[in-house]
Amino acid sequence: MPRLLEPLTDEEKEAANRMIQAFSTFNAFVFELPERKLFFNVIHKVGLEPLITIKELRRRKVIIYVVLLNERPCINECQYRCRGKKGDEQRKCIHECVEKCMGERKEYLINALREASKKNS
């Protein structure tokens, strides 16, 4: 579990709980520009930067942020682990390995947010 850099405020704890709900249900979290600072603070304080990728979507004057689990470390690790296999066997090995790795990363992220939201300010 990452070490909490500093305690979350009550507003940040509420934001962390929203993130937990979204990742538990959708494997992603979406927020708009006005909430940017709040959610970036939570991500930073909990130490989630290495686990996630943040995509910025712009449409006219609306900016939406999508927070996704970062799949690249899992892909790299699984390609290495499955390097002795060939063809369909290798693809299946990589797919199953990435699914397991992403599940573990999701669980880690949710637990880190849950722990941070329980700590006293």
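Since every read-out is calculated from the coordinates, none of them should be taken as a lab result. Since this is a predicted model, take the numbers as computed values, not measurements. Glycine gets a Cβ as well: all are built from the backbone with ideal geometry, and neighbour counts include every protein chain shown.
Tabulated results
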read-out	value
Selection of chymotrypsin sites (Phe, Trp or Tyr not before Pro), the range 30-121, meeting DSSP coil and at most 12 other Cβ within 10 Å	none
For a label point 7 Å along the Cα-to-beta-carbon line of A22, residues of the range 99-121 with backbone N under 17 Å	106-107, 109-114, 117
Globularity index of the range 9-62, i.e. its alpha-carbon radius of gyration over 2.2 N^0.38 Å	1.14
Helix axis angle, 36-46 relative to the chain longest principal axis, alpha carbon, degrees	60 degrees
Over the chain: helical MRE at 222 nm, DSSP H runs n ≥ 4 each giving -39500 (n - 2.57), nearest 500	-19500 deg cm²/dmol
Fewest-first ranking of M102, M19, using other Cβ atoms within 10 Å as the exposure measure	M102, M19
The range 10-118: mean projected area of Cα convex hull, nm²	7.9 nm²
